[in-house]
Amino acid sequence: MSASAQEINNLINQDYKQGFVTEVAADTFPPGLNETIIRQLSKVKNEPAFMLDYRLNAFRHWQTLKAPEWAQVNIEPIDYQAISYYSAPKRKEDGPKSLDEIDPQVLDAYKKLGIPLDEQERLAGIAVDAVFDSVSVATTFKGKLKEAGVIFCPMSEALRDHPELIKQYLSSVVPISDNYFAALNSAVFTDGSFVYIPKGVRCPMELSTYFRINAANTGQFERTLIIADEGSHVSYLEGCTAPMRDENQLHAAVVELIALKDATIKYSTVQNWYPGDKDGKGGIYNFVTKRADCRGDNAKVSWTQVETGSAITWKYPSCILTGDNSVGEFYSVAVTNNCQQADTGTKMIHIGKNTRSTIVSKGISAGRAQNTYRGLVKVLKSAENARNHTQCDSLLVGDRCGAHTFPYVEVKQPTAQVEHEATTSKISEDQLFFCQQRGLSAEDAVSMIVNGFCKEVFKELPMEFAVEAQALLGLSLEGSVG
Amino acid sequence: MLSIKDLTASINDKAILKGINLEVKAGEIHAIMGPNGSGKSTLSHVLSGKSGYEVTGGSATYQGKDLLALPPEIRAREGVFLAFQYPLEIPGVSNVYLLKAALNAVRKHNGLDEVDAMDFLTLVKSKIKALDMDEKFLYRAVNEGFSGGEKKRNEILQMAILEPKLCILDETDSGLDIDALKIVADGVNSLRSPDRSFIMVTHYQRLLDYIKPDFVHVLAHGQIIKSGGPELALELEEKGYGWLEDGQVAA
Ligand SMILES: Nc1ncnc2c1ncn2[C@@H]1O[C@H](COP(=O)(O)OP(=O)(O)O)[C@@H](O)[C@H]1O
Ligand SMILES: [Mg+2]
């Protein structure tokens, strides 16, 4: 290995900056999954009876399913009985009414992560729901949102306070039986965020949820449900981190979005779960089902994701374009380094007339990582004049990593137009030397090239997130040629 | 400015430079000529710090410092500039972005404030005009889809903006038509100054018609086998390298 390659390799082994553990007194269930645990979970969360039935249903279905096997991902079998399905920082009575009642250690953890929960300190214009292990610990700006008629609260609160909306919409996009992890999530999900934007309302601020896995040997199973009623508009952001631990931890979330007539939902994710160490020890298994239904005419859903973390990522944020003229978009940057594996992409299901979808996927692999794009564009007979444009680009850093692209296309409507473009490129040592010869460090050169590669996706992110995403990319990739 | 003594270097255990000696004083222009494969690019790369070469002996002192001990980006920030024989493409990164990042890296290293976007644009536009390049090149990805001549001009643009002290031009004239050659030569000439030195690798006398060197050296088989004034280049043009190389073998 040449001198500069060695140097560059050293840079890669930077610390995962969010890897600290917070010492909190917690209520944690013993490991194991059975009906008793599920009853206990529903009870501790004070849920209405219909939810217990829902969970038991899901659990019974899950037991009939087999864990999926994937061609492009190597994974040890997961022992679902070794995981604890509930862990929450201890708190007084019925949950914190104000920040004073939250364990200061927890507040401190969020502060360290750059997410102060104190409204005075928050960036104006972003409301935050903070989910720590299994529960939501705080939601900011509730009052201001209420004035606009927006409901933004922890899922567990929505189950109690808005049962009609829950009954109508929960699992209406991702049925219990959808897949192995969706069934598991439905049985044991603990918290997450719930959003309802009423008719004609433009949500006055960005909404965001910050997920933090802290406890050891727990899984995080969160559930997010966003409903944009007719003519409404909302932009939602999601961020995630976890401590560095030697064992793998499971994160199996379900996110459902429903956009009614003329509504727009923009959903952005910066996922930075602990990726494991450079030899592939530890890290989060991130198995997520995210799906949106453009249920009304002219509805629009846009997914933007920047995936830098996790040992294994398996997710395909998708759009069902039911309404006529509805629009689905997917902008993705997925970065894998060292031993990380990502199998991600999207599904666009065109049902309504004149539906349009755009897919821009940027996969970056470094070290020995494997990065797979898997996408499906499906145009049903009913979808006259449907249009799709897919652009899939892969960037390789070094020559021990891999990129794979699997675009599936099924078209049943002759007037549809589906286009696919794909490229693969490589950051070469010569390019790095060229930049260094102009005065840039190798790490700045790599992040400049990578940022250039990701430009199209970054411009879709809300301002604050775009900056964070660029910094993150820098951290997880700097100088990874070897 | 630069003092190279008995420099030897190899690549993949194959000796390429076999004892180079060269003194470059401030303000001087040195032309290096020689047959293909004689080690001219290797010398340029070793001086600028490209990885993959092993320096097996000798030294290169630049402004009193051990040049070979510095990482490549520090050499660049200290004023060593290489105009590449084959400029690289960097898709997705705009020319203007690279230029600004490079200039600020150099300025920062030298204790100067970074230039802001407005001042930078003013600067870059004046330079680009002098090189008869279209402003649209600024917003295109670095060298992507540039013709050979445009790439070479782009190298000179970078040099004009970074204002280095020691400019190494590796066959910058190759592949240029006569008009482009004049423009590039004008660009180089406008950078001539008593405290800036040039090492120009070239095969052709015609570049030296426009940029008059103080010294001409012939590099063959990894050694400088003959040095002289501008008249040596004319002699080479007439006789080729053969008569010198025969002498080399005999000696
Ligand atoms: N990567 C390499 N591995 C082995 N030999 C090389 C490599 N790169 C260059 N060389 C050899 O080094 C010698 C000098 O090359 P170079 O410096 O490019 O010559 P010039 O620029 O004078 O034409 C040539 O014989 C060439 O084949
Ligand atoms: Mg050469």
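Mean separation of Cα pairs under 8 Å and 6+ residues apart, divided by the residue count of segment B:6-73: what relative contact order is that in percent? The partial results should precede the final answer.
Values: 79 pairs, mean separation 25.3, N = 68.
About 37 percent, as a whole number.
Label points 7 Å out from Cα along the Cβ direction at B:Asn21 and B:Leu70: separation in nm?
About 2.5 nm separates the two model spin labels.
Cα-based Rg (one decimal) and Dmax (whole number) for segment B:142-181, in Å?
Rg then Dmax for segment B:142-181, in Å: 10.5, 30.
Given a Förster distance of 22 Å, report the FRET efficiency between A:Asn179 and A:Asp53 from their Cβ-Cβ distance, rounded to the nearest 0.05. Please list the in-between numbers first.
On the way: r = 21 Å, r/R0 = 0.95.
With R0 = 22 Å, the Cβ-Cβ based efficiency is 0.55.
So how strong a dipole does segment B:1-82 carry about its Cα centre when Lys and Arg Cβ are +1 and Asp and Glu Cβ are -1, to the nearest 20 debye?
Details: 9 positive and 8 negative charges, 22 e Å.
For this selection, approximately 100 debye.
Distance check, please: which entries in A:Lys281/A:Lys347; B:Lys100/B:Lys152; A:Lys146/A:Lys315; B:Lys100/B:Lys182 exceed 21 angstrom between their Cα atoms?
Details: A:Lys281/A:Lys347 31 Å; B:Lys100/B:Lys152 19 Å; A:Lys146/A:Lys315 32 Å; B:Lys100/B:Lys182 26 Å.
Over 21 Å apart, Cα to Cα: A:Lys281/A:Lys347; A:Lys146/A:Lys315; B:Lys100/B:Lys182.
Counting only C-alpha contacts under 8 Å and six or more residues apart, can you give the relative contact order of segment B:37-188 as a whole percent? Don't skip to the end; give the middle numbers.
Numbers: 169 pairs, mean separation 47.2, N = 152.
Worked out over segment B:37-188, it gives 31 percent.
So which lysines pass the test for A:Lys43, namely a Cα distance under 21 Å, with those fewer than 8 places away in the same chain ruled out?
Qualifying lysines at Cα under 21 Å: A:Lys90, A:Lys92, A:Lys97, A:Lys167.
Stretch B:Asn110-B:Ser147 to full length: gain in nm at 0.36 nm per residue minus the Cα-Cα span?
Numbers: separation 37, 0.36 × 37 = 13.32 nm, distance 3.38 nm.
Length gained between B:Asn110 and B:Ser147: 9.9 nm.
Could you tally up the Lys pairs in segment A:361-430 with alpha carbons closer than 22 Å? Skip any pair fewer than 8 positions apart unless they're on separate chains. The partial results should precede the final answer.
On the way: A:Lys362/A:Lys378; A:Lys362/A:Lys426; A:Lys378/A:Lys412; A:Lys381/A:Lys412.
Pairs that pass both the separation and distance tests number 4.
Determine the shielding of peptide B:97-104 by partner chains: average, over its residues, the number of Cβ atoms on other chains within 10 angstrom of each Cβ. Walk me through the numbers on the way to the answer.
Working: counts 3, 8, 1, 0, 7, 6, 2, 2.
That works out to 4 on average.
Determine, for each peptide in B:6-15, A:38-47, A:310-319, A:370-379, the mean count of other beta carbons within 10 angstrom over its residues, then list the peptides with the highest first.
Numbers: B:6-15: 14.2, A:38-47: 16.4, A:310-319: 25.5, A:370-379: 23.4.
Ranked from most to least packed, the peptides come out as A:310-319, A:370-379, A:38-47, B:6-15.
Any chance you could check the Cα centroid distance between segment A:381-413 and segment A:146-210 for me, in angstrom?
First find each Cα centre; the distance between them is then 30 Å.
Full extension from A:Glu164 to A:Gln63: what is 0.36 nm times the residue separation minus their Cα-Cα distance, to one decimal in nm? Mind dumping the intermediate values first?
Values: separation 101, 0.36 × 101 = 36.36 nm, distance 2.84 nm.
Full-extension gain reported as 33.5 nm.
Take B:Glu54 and B:Ser193, extend 7 Å from each Cα along the Cα→Cβ direction, and tell me the distance between the two endpoints in nm.
4.1
What does DSSP give for chain B in terms of the percent of beta bridges that are antiparallel, rounded to the nearest 5? Intermediate values should be presented prior to the final figure.
On the way: 26 of 43 bridges.
In chain B, approximately 60 percent of DSSP beta bridges are antiparallel ones.
If you rank B:Met118, A:Met51, B:Met200 by fewest surrounding Cβ atoms within 10 Å, what's the result? Write out the running numbers ahead of the final one.
On the way: B:Met118 8, A:Met51 20, B:Met200 23.
If I rank by nearby Cβ atoms, fewest first, I get B:Met118, A:Met51, B:Met200.
For the residues B:His45, A:His389, B:His217, A:His162, what sequence is obtained by ranking on other C-beta atoms within 10 Å, fewest first? Each step should come with its number before you reach the end.
On the way: B:His45 25, A:His389 15, B:His217 22, A:His162 18.
The order, fewest Cβ neighbours first, is A:His389, A:His162, B:His217, B:His45.
For peptide B:78-86, what's the mean number of Cβ atoms from other chains within 10 Å of each residue's Cβ?
On the way: counts 1, 1, 2, 3, 4, 1, 4, 0, 2.
The shielding value for this peptide is 2.
Taking K and R as +1 and D and E as -1, what net charge do the other residues with C-beta under 11 Å from the C-beta of A:Ala416 add up to? Spell out each step's value before the answer.
Working: positive: A:Lys353, A:Arg356, A:Lys378, A:Lys381, A:Arg387, A:Lys412; negative: A:Glu384, A:Glu410, A:Glu419.
Every neighbour counted, the sum reads +3.
By the scheme Lys and Arg +1, Asp and Glu -1, what is the net charge of all other residues having a beta-carbon under 10 Å from that of A:Ala403? List each step's numbers first, then the result.
Working: positive: A:Lys426; negative: A:Asp393.
Net local charge, A:Ala403 excluded: 0.
Which residue, A:Gln370, A:Thr346, A:Ser326, has the largest displacement toward the positive end of the dipole of segment A:325-376 when charges sit on each Cβ (Lys, Arg +1; Asp, Glu -1)?
Going by the charge dipole, the pick is A:Ser326.
Counting partner chain Cβ atoms within 10 Å of every residue's Cβ in A:446-452, what's the average? Spell out each step's value before the answer.
Details: counts 0, 0, 7, 6, 2, 3, 9.
The shielding value for this peptide is 4.
List the lysines whose Cα lies under 24 Å from the Cα of B:Lys25, skipping any in the same chain that are fewer than 8 positions away.
Partners found: B:Lys5, B:Lys40, B:Lys50, B:Lys65, B:Lys165, B:Lys212, B:Lys226.
What number comes out for the charge environment of B:Ile29, summing +1 per Lys or Arg and -1 per Asp or Glu over other residues with Cβ under 12 Å away?
Working: positive: B:Lys25, B:Arg192, B:Arg196, B:Lys212; negative: B:Glu28, B:Asp214.
Residues close to B:Ile29 contribute a combined charge of +2.
Counting helices only, and only those DSSP H runs with n ≥ 4, report the 222 nm mean residue ellipticity of chain B as the sum of -39,500 (n - 2.57) divided by its residues, in deg cm²/dmol to the nearest 500.
Working: 10 runs with 102 residues, N = 251.
Value at 222 nm, helices only, nearest 500: -12000 deg cm²/dmol.
Coordinate-derived values only; no laboratory data. On a predicted model such as this, the values are computed, not experimentally measured, just so you know. Neighbour counts run over all protein chains shown; Cβ positions are idealised from the backbone, glycine included.
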